[in-house]
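The structure appears right after this line, and notes come after that.
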Amino acid sequence: MQYFKKIIQFALPYKRFAFLNIIFNVFYALFSALSFIALIPMLDVLFEQDKIKAIKEPTYTGMLDIKDYFKDYLSFKVHDFAQDDASRALLLVISLVILLFLLKNIFRYLAMYAITFLRNGVLKDIRNELYKKTVNLPISFFSEKRKGDILARTGTDVLEIQHSFLSVLELLFREPLTIIFTIIMMLIISPKLTLFVFIFIPISGFIISRIGKTLKKKSDQVQKEQGVFLSTLEETLGGLKIIKGFTAEKLFREKFEESTSKFYRFSNTLLNRQNLASPTSEFLGISVIAILLWYGGKMVLIDGTLDSSSFIAYMGLAYNILTPAKAISKASYSVKKGNAAAERVLEILETESNITDLPDAQDKTEFSTEIDIKNISFKYQNDFVLNDFSLKVPKGHTVALVGQSGSGKSTIANLITRFYDVNKGSINIDHLNIKKITQNSLRKLLGLVTQDSILFNDTVKGNLLVAKQNASDQEIIEALKVANAWEFVENLAEGIYTNIGDSGNKLSGGQKQRLSIARAVLKNPPIMILDEATSALDTESEQLVQKALENMMKNRTSIVIAHRLSTIQKADNIIVLAKGEIVEQGKHEELLENKGVYYNLVKMQSLS
Ligand SMILES: Nc1ncnc2c1ncn2[C@@H]1O[C@H](COP(=O)(O)OP(=O)(O)OP(=O)(O)O)[C@@H](O)[C@H]1O
Ligand SMILES: [Mg+2]
């Protein structure tokens with residue numbers, strides 16, 4: 001129930017639709033019960049024509065006799081209208097029944113109409129919240145989660161909530177009200193018979209709840225498996241080249257089919273268990289009806305304490321509570337099933353981001369003195385990646401980070417951008433700890449070129465607009481020129497309006513790099529963080545990229561993570577990292593003279 005309550009919070013903005021739904025359902029339930037009562041005079045017309053003729057207008061004698069009064073009054077009216085013509089009486093009663101059923105169904109539709117806006121509104125809002133949360137959660141959250149799992153939660157789990165929880169909402173008033181009105185009518189016709197109905201309700205409730213017991217667990221398995229095969233699909237799409245290239249189709253197909261087989265088994269158990277609900281409750285219901293037929297039949301045929309038309313209408317009413325009773329037992333299953341989906345959705349919605357703005361965090365709009373990394377230590381999981389690392393980058397300087405693969409270079413970029421928080425020490429910009437700067441304003445100060453060029457399935461222009469939403473075409477072309485990208489964009493079929501494919505697949509590696517550099521250039525931030533791609537480029541495109549980098553670093557403060565050492569010869573300071581610690585630093589020439597680690601790196605690269 002706790003999940004149900006939380007999901008209901010999302011329905012609050014749509015409560016006016018819920019109110020409308022309740023009002024319409026009250027009418028629905030009322031007409032639903034009345035439509036059976038209206039059968040009584042019709043049956044009277046059919047069975048007891050002689051009696052009708054003798055009827056006089058009845059007088060109201062009090063609540064206890066309301067049933068007889070109402071019945072006699074209707075019969076009287078029918079008689080009055082029919083004027084001894086049985087077919088006219090029949091016609092009138094049938095019209096009444098038709099009218100009542102019409103009204104009942106109109107209100108039923110109106111009630112469903114109103115609740116539709118609530119159901120789909122909640123669906124929309126939960127998905128939007130999930131998206132917002134997904135963007136807000138720290139990068140670290142997603143290194144452990146599979147993408148397919150997030151897709152499953154946003155897609156099918158939310159849909160499951162809509163199906164199960166919110167369909168319950170629709171029933172919440174309609175079915176109990178129908179039961180209440182029907183039982184009132186039944187009580188009016190025969191309190192004695194109705195006693196059996198009251199015995200039946202708790203017994204069937206017990207049986208039904210036993211069947212639904214393991215439903216949440218089963219449903220959870222189904223939803224989880226959905227995440228697994230969506231992940232496989234997602235990875236397959238991303239890695240098609242490798243899968244085909246390594247002829248690993250079978251491996252991945254087996255992985256996928258293993259998951260769908262599991263899904264098949266889990267959902268069979270789930271569905272079969274859930275499908276037990278309706279047959280069970282219908283059978284329980286018909287058993288009660290059998291008992292009613294037995295006792296009621298005796299009352300009519302032997303004791304004569306109940307007239308036959310009331311009895312038939314009564315049986316109609318008794319059958320009428322079966323449908324809502326079935327719906328309620330089904331709904332109790334839905335809640336259990338929905339609980340599993342809601343738990344998965346709420347797990348994401350309720351994850352607190354561990355990288356948040358402090359309450360007194362300030363907006364920083366300018367960079368004026370230096371970046372000061374002070375004695376920081378950091379670990380992703382168990383082992384420290386950076387140990388007591390310190391570095392100063394004065395305004396206007398270019399600092400280069402070099403060192404073997406895995407030495408922690410990209411990690412430093414992750415920490416300055418605050419994708420992760422340091423475990424010890426502090427990173428300060430203009431003597432202000434970056435934890436005390438709002439993330440938004442901090443990242444506005446930074447231009448970022450990541451090691452793997454991250455591009456979107458959009459046009460060249462669309463990809464650059466990420467950096468500056470209102471940039472004009474002219475500005476975009478300027479940025480492309482600085483990044484040495486204009487020369488190839490110019491020759492694309494539709495220039496800057498050319499779509500570059502999924503993650504920029506229609507471009508070459510060097511072109512992708514230059515485009516992501518152009519994106520950072522367009523943003524024009526005071527600080528550039530550049531994680532140069534490791535992919536080997538041919539000499540010509542290497543020079544193009546290098547020129548792009550040089551252009552970009554001009555008059556800026558830059559931290560450059562370099563793999564091609566030629567890029568950084570002009571850097572003000574070169575930091576040589578090994579296993580998260582600084583082993584050497586200085587200018588290119590100084591380091592060469594030292595004949596240390598850097599010297600060896602340069603020697604190796606010039607050989608290759
Ligand atoms: N998200 C992560 N979770 C756990 N460990 C990580 C994560 N990212 C990086 N690491 C580990 O941190 C260490 C430093 O990684 P980092 O990416 O900073 O290296 P790098 O110097 O940029 O290497 P390269 O030159 O290959 O880009 C590596 O040992 C790596 O295994
Ligand atoms: Mg790296």
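Each reported figure results from applying straightforward, stated rules to the coordinates on display, with no laboratory input. Note that the coordinates shown come from a computational prediction; the quantities given were computed from them, not determined experimentally. Glycine also receives a Cβ, built like all others from the backbone with ideal geometry; neighbour counts cover every protein chain displayed.
Of the peptides 204-210, 506-512, the order by per-residue mean of other Cβ atoms within 10 Å, starting with the highest, comes out as 506-512, 204-210. Charged neighbours of L591, selected by a Cβ distance under 15 Å, balance to -1 (K, R count +1; D, E count -1).
With a Förster radius of 30 Å, plug the Cβ-Cβ distance of L102 and K132 into 1/(1 + (r/R0)^6) and report the FRET value to the nearest 0.05. It would help to have the intermediate numbers written out before the result.
Values: r = 45 Å, r/R0 = 1.52.
Computed FRET efficiency for L102 and K132 comes out at 0.10.
The residue list L96, F389, F141 was ranked by how far each Cα lies along the charge dipole of the chain toward its positive end, using unit charges on Cβ atoms, and L96 comes out on top.
Across region 446-473, the residues whose backbone nitrogen lies under 15 Å from the label position 7 Å along the beta-carbon direction of E494 are 457-464. Between K379 and F246, residue separation times 0.36 nm minus the direct Cα-Cα distance comes to 44.5 nm. Computed from phi, the 3J(HN,Hα) profile of region 502-510 under the Karplus parametrisation 6.51, -1.76, 1.60 (θ = phi - 60°) reads 4, 6, x, 4, 7, 10, 7, x, x Hz, with x in place of Gly and Pro.
Per-residue 3J(HN,Hα) values for region 269-276, derived from phi via the Karplus relation 6.51 cos²θ - 1.76 cosθ + 1.60 with θ = phi - 60°, read 4, 4, 5, 5, 5, 5, 5, 5 Hz in sequence order (x marks Gly and Pro).
A simple spin-label model places the labels of N555 and S353 3.3 nm from each other, with each point 7 Å out along Cα-to-Cβ. Report the FRET efficiency, 1/(1 + (r/R0)^6), for Q569 and K395, where r is their Cβ-Cβ distance and R0 is 30 Å, rounded to 0.05. Efficiency computed from Cβ-Cβ geometry: 0.90.
Spin-label model, R265 to F198: label points 7 Å out along the Cα-to-beta-carbon direction sit 4.9 nm apart.
Under 5 Å between amide hydrogens, built in the peptide plane, is the criterion, and for G403 it picks out L577 among residues at least 5 positions away or on other chains. Positive end of the dipole of the chain (Cβ unit charges, origin at the Cα centre): among I574, N21, N457, the Cα lying farthest that way belongs to N21. From most to least packed by mean Cβ count within 10 Å, the peptides 382-388, 159-165, 478-484 give 478-484, 159-165, 382-388. A simple rule links phi to the HN-Hα coupling: the Karplus curve 6.51 cos²θ - 1.76 cosθ + 1.60 with θ = phi - 60°, which for region 117-125 gives 5, 5, 4, 6, x, 5, 4, 4, 5 Hz, with x for Gly and Pro. Sorted ascending by nearby beta carbons within 10 Å, beginning with the fewest, F141, F198 become F198, F141.
By the Cα gyration tensor, the chain has an equivalent ellipsoid whose semi-axes, rounded to whole angstrom, run 77, 24, 22 from largest to smallest.
Need the C-alpha centroid separation for region 78-151 versus region 226-248, integer Å. Distance between centres, Cα-based: 40 Å. Taking a sphere under 10 Å around the Cβ of E487 and counting the other residues whose Cβ falls inside, with K and R at +1 and D and E at -1, yields a net charge of +1. Axis angle, to the nearest 10 degrees, between helix 539-553 and the longest C-alpha principal axis of the chain: 80 degrees.
Once the Cβ-Cβ distance of T116 and N387 is raised to the sixth power relative to R0 = 60 Å, the FRET efficiency obtained is 0.50. Remark: the chain carries a charge dipole of roughly 800 debye about the Cα centre, counting +1 on each Lys and Arg Cβ and -1 on each Asp and Glu Cβ. Distant-in-sequence amide contacts of G447, defined by a placed amide H-H separation under 5 Å and a gap of 5 or more residues or a different chain, comprise I527, M528, I529. Spin-label model, I454 to Q9: label points 7 Å out along the Cα-to-beta-carbon direction sit 2.8 nm apart. Under 5 Å from the amide H of K379 lie the amide H atoms of V385, N423, each residue being 5 or more positions distant or on a separate chain, with H modelled from the backbone and absent for Pro and chain starts.
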